[in-house]
Structures are given as C-alpha cells and as structure tokens.
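Enquirer: Before I ask anything, here is the structure I am working with.
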Amino acid sequence: MRYYCGIDLHAKQCFLCVIDEEERILLKKALPNSLELILQLLGAFASKPSVAVESTLNWYWLVDGLQEAGYEVKLAHTLGLHMITGAKVKTDRRDALSLARLLRLGAIPQAYIYPKEKRPIRDLLRTRSRMVSLRANAYGTLRRILMQYGHSSAVIKKFAEEQICRHFDHPAIQASCQLELERVRLYSREIAILEDYILHTVADQPVFDLLQTIPGVGKILALTIYYEVGDIGRFEDPRSFCSYSRVVPGAANSAGVVSRGKGSKQGNPYLKWAFTQAALYAVRFNAGIRKFRQAHLARRRSKSRKIVSLSIVAHKLAIAAYYVIKGQEPFKQELMFGQ
C-alpha cells in the first residue's frame, strides 16, 4: 500500500493530509512547524508516504529534513497549482488534500529542489545583488540632490565629504549627502567582502573559467550563471534553458491568433539579468557580436528595435552558456555568431 502526503506550509504552522491509493483520507492534522512532530506522524504508517510540499518562502528546513529522513519529496511549483490558488473555497485542509491528490495522480507541477550544499552560496550571491541595488539607490539620491541645486551629476562616483560643503551651504542638505555617502561606503565594503568569499568557492571549478570565455561574461556574471543554473541536466535542451532564463518571449497561439509577450515573468530573473548584462558588454567590446546586433537593428523599424536586437544577443549567449556548461568546453564564437 502506498501513501501520499500533502503539506500546506505556513510561517508558523502547517497542515498535513495523508491519503492512500484509493484516496481514502487517513490523516488530517494541523500542527506547529516542527520537523520532529511531522516525522513522528508520518512514521506511524507502514511504508513511508511520498510527500508534496508547496514551494513557499520557508521550505528549506522541511524539504531537507524529510529527504534526510528518507522520504521521497516533491516541491510543488506555486505557479502550476491553480487548482489550489484559484479555488473558490480555499482552506488549509483543502490545500493539503489537493496536494496529496495531485501527488497520487503524478500531476504535481514540480519545482527544482536546489542542492542543499550550494544553496547558501547562491542565496549569498542574491544578497550581493540586493546590496548593489541599494548602493545604486544611494547614488541616485545623491544625483537627484545635485541636479536639484543646479550641479552636474557627472562627478557622482568621485563625490566626497570635502565637496559637500563646496556644493551646498545649508546644513540639512550637507547632512543628507553625508548619510548617502556613508551608505555607499558601507555597501561597497560589504559587496567586496561577499565577492571575495564567493569567488573562493569556485576557485577549483573548471566550468567557472569556461563561462568566462563567453563574450561579456566576467567573474560576477559567471558566478550568477553557475549558481543559478544548478544541475544543467534538468533542462532537456537549450530551448527549455532559455525559457527558464527569460531570454525568449512567451506566446499565446489560439484559433489563428498569435500574441507575444505572455508569461514574461516566468523563470529565473537572475539569469535574465546576467544574460542581458552580458549582451550589453558583448555588443560594446566584441566587434563580431556588435556587427550581428547591427544586422538585426537594420532589419527592424519599430520603436522597440534596440531592445529586441539586444534580447536576441542575450538569447544567443544563453544558448552558448547551455552548451559550455553541458559540454564542459570553451565558447566558440563562430558557432553562435559566425566568423
């Protein structure tokens, strides 16, 4: 007899529902978030149930604990659970039962369970990305203050304390600039610490050096691609990888009507950022890729032609990254962009 367990996970508590092969409900129980209590309840069954957990913010501890205890766990992708999220009547009991039923039918929309050992470094890299964004916001505030009082914002990256008094007389404005400069220094220092630590984790990874053979991909972008991809084997082909990386538009074709752009937020935003940044650098510093982009610019007349042509380059670089990681070989420009 096989058993199927659906767990509706929340911040402080969860709801368990266990059914058998004939969909008879054997257990329905709400309990606090405690791995010990969950294992105790599941351990009462003759054979270990298969478990489905919705991919919420706090799934790490539960999925890791269940896998280490020998349970088969499937992480359910929230986007594919319309049976739960779109239900007219939505309760914890119903959600847990729906997960168990989908698991029994083999219809769970699976999310990738990122390897536990690499997960902290990936999350640390995402923290670095947030810090870069916060530092950019601080620079933006300084730039706006300078522009408000008729000063050039071109000196923003070299702006220092001694220039504050030279540009502004009022103590309140000086205090505001001083605070933003301190934030910039703090974020810059912490970003440098994180980068140094993360770079040491890939010192012996050949694929990290191979990724840097792709035009436009430096150390930070290579780190992002390496840690966000995880197991490249989970992608059947370059098309599925590019879709996950958000470098191709969605499509909705029905009854002869074709529309583009649907579902553009589905996938990994960090890979989207990495390949877009790589495309910008490649177009700027690589003559062959710049010529490739110019050809696509010339054949379009729409207002969005610059964005579209750059997206095409990002798509090409994503395909290149797939083959570099999959084949463990350096980038060959002639295969992607011609001579």
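The values are calculated or read from the model by the stated rules, or taken from the named source; none is laboratory data. Note that the structure is a prediction, hence the values are computed from the model and not measured. Cβ atoms come from the backbone with ideal geometry, glycine included; neighbour counts cover every protein chain shown.
Enquirer: Where in the stretch 19-120 are the strands (runs of 3 or more DSSP E), entirely inside, with at least 1 residues that are without any contact (Cβ under 8 Å) to a residue 24 or more places away in the chain and either surrounded by fewer than 19 Cβ atoms within 10 Å (Cβ to Cβ) or touching an Asp or Glu at 6+ places or on another chain (Cβ under 9 Å) (or both)? Don't jump to the end; show me each part of the working.
Expert: Working: elements: 25-32, 50-54, 73-76.
Output list reads 25-32.
Matching residues to (1) over 17 Å from H315 (Cβ atoms); (2) touching a residue at least 60 places away in the same chain (Cβ under 8 Å); (3) among the hydrophobic types (A, V, I, L, M, F, W, C):
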residue: E182; (1), (2), (3): yes, no, no
residue: H200; (1), (2), (3): yes, no, no
residue: A203; (1), (2), (3): yes, no, yes
residue: G216; (1), (2), (3): no, yes, no
residue: F241; (1), (2), (3): no, yes, yes
residue: Y244; (1), (2), (3): no, no, no
residue: K272; (1), (2), (3): no, no, no
residue: A282; (1), (2), (3): no, yes, yes
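Enquirer: In this structure, does H315 turn out to be surrounded by 13 or more Cβ atoms within 10 Å (Cβ to Cβ) and farther than 27 Å from V207 by Cβ?
Expert: Details: surrounded by 13 or more Cβ atoms within 10 Å (Cβ to Cβ): yes; farther than 27 Å from V207 by Cβ: no.
So H315 fails the test.
Quick grid of which residues meet (1) at pLDDT 95 or above; (2) in contact with a Pro (Cβ under 6 Å, 6 or more places away or on another chain); (3) within 30 Å of R122 (Cα to Cα):
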{"site": "P49", "(1), (2), (3)": "yes, no, no"}
{"site": "L57", "(1), (2), (3)": "no, no, yes"}
{"site": "W61", "(1), (2), (3)": "yes, no, yes"}
{"site": "E68", "(1), (2), (3)": "yes, no, yes"}
{"site": "V73", "(1), (2), (3)": "yes, no, yes"}
{"site": "L81", "(1), (2), (3)": "no, no, yes"}
{"site": "V89", "(1), (2), (3)": "no, no, no"}
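Enquirer: Filter the stretch 157-196 down to the residues that are farther than 16 Å from M131 by Cβ and among the β-branched types (V, I, T), then identify the one that is surrounded by the most Cβ atoms within 10 Å (Cβ to Cβ).
Expert: Among residues in the stretch 157-196 that are farther than 16 Å from M131 by Cβ and among the β-branched types (V, I, T), the one surrounded by the most Cβ atoms within 10 Å (Cβ to Cβ) is I164.
Residues are listed down the side, and each one gets a yes or a no for (1) more than 22 Å from I191 (Cα to Cα); (2) in a helix (DSSP H, G or I); (3) under 35 Å from the mean Cα position of the chain (by Cα):
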site: A136; (1), (2), (3): no, yes, yes
site: T141; (1), (2), (3): no, yes, yes
site: I145; (1), (2), (3): yes, yes, yes
site: Q174; (1), (2), (3): yes, yes, no
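Enquirer: Could you run through the stretch 184-202 and say how many residues are within 17 Å of G230 (Cα to Cα) and out of contact with any Phe, Trp or Tyr (no Cβ under 7 Å at 6 or more places or on another chain)?
Expert: Residues of the stretch 184-202 that are within 17 Å of G230 (Cα to Cα), as a first pass: 198-199, 201-202.
Those still in the list that are out of contact with any Phe, Trp or Tyr (no Cβ under 7 Å at 6 or more places or on another chain) too: 198-199, 201.
So the answer is 3.
Enquirer: Moving on. S176 - would you say it is out of contact with any strand residue (DSSP E or B) (no Cβ under 7 Å at 6 or more places or on another chain), at pLDDT 85 or above and over 30 Å from R119 (Cβ atoms)?
Expert: On the way: out of contact with any strand residue (DSSP E or B) (no Cβ under 7 Å at 6 or more places or on another chain): yes; at pLDDT 85 or above: yes; over 30 Å from R119 (Cβ atoms): yes.
Against the criterion (out of contact with any strand residue (DSSP E or B) (no Cβ under 7 Å at 6 or more places or on another chain), at pLDDT 85 or above and over 30 Å from R119 (Cβ atoms)), S176 qualifies.
Enquirer: Is it the case that some residue within the stretch 125-132 is touching a strand residue (DSSP E or B) at 6+ places or on another chain (Cβ under 8 Å), small (G, A, S), under 30 Å from E236 (Cα atoms) and at pLDDT 85 or above? It would help to see each step written out before you state the result.
Expert: If we filter the stretch 125-132 for residues that are touching a strand residue (DSSP E or B) at 6+ places or on another chain (Cβ under 8 Å), which is where we start, we get none.
For the stretch 125-132, residues touching a strand residue (DSSP E or B) at 6+ places or on another chain (Cβ under 8 Å), small (G, A, S), under 30 Å from E236 (Cα atoms) and at pLDDT 85 or above: absent.
Enquirer: Could you grab me the full set of residues in the stretch 197-222 that are under 20 Å from R135 (Cα atoms) and either in the same structural domain as E161 (by TED's automatic domain parsing) or of a type in the set (A, V, I, L, M, F, W, C) (or both)?
Expert: Just the residues of the stretch 197-222 that are under 20 Å from R135 (Cα atoms), to begin with: 197-198, 219-221.
Y197, I198, I220, L221 - these are the residues of the stretch 197-222 that are under 20 Å from R135 (Cα atoms) and either in the same structural domain as E161 (by TED's automatic domain parsing) or of a type in the set (A, V, I, L, M, F, W, C) (or both).
Enquirer: Kindly check whether there is at least one residue in the stretch 322-335 that is part of a loop (DSSP other than H, G, I, E, B), more than 20 Å from V207 (Cα to Cα) and either in contact with a helix residue (DSSP H, G or I) (Cβ under 8 Å, 6 or more places away or on another chain) or of a type in the set (K, R) (or both). Walk me through how you get there before you give the answer.
Expert: Quick first cut of the stretch 322-335, residues part of a loop (DSSP other than H, G, I, E, B) only: 328-332.
Filter once more, so that each one left must be more than 20 Å from V207 (Cα to Cα): none.
No: zero hits.
Enquirer: Residues in the stretch 269-292 that are polar (S, T, N, Q) and either at positive phi or at pLDDT 95 or above (or both): how many?
Expert: Looking only at the stretch 269-292, we keep the residues that are polar (S, T, N, Q), and these are 276-277, 286.
After this cut, where a residue has to be either at positive phi or at pLDDT 95 or above (or both) as well, the list is 276-277.
Number satisfying all stated conditions: 2.
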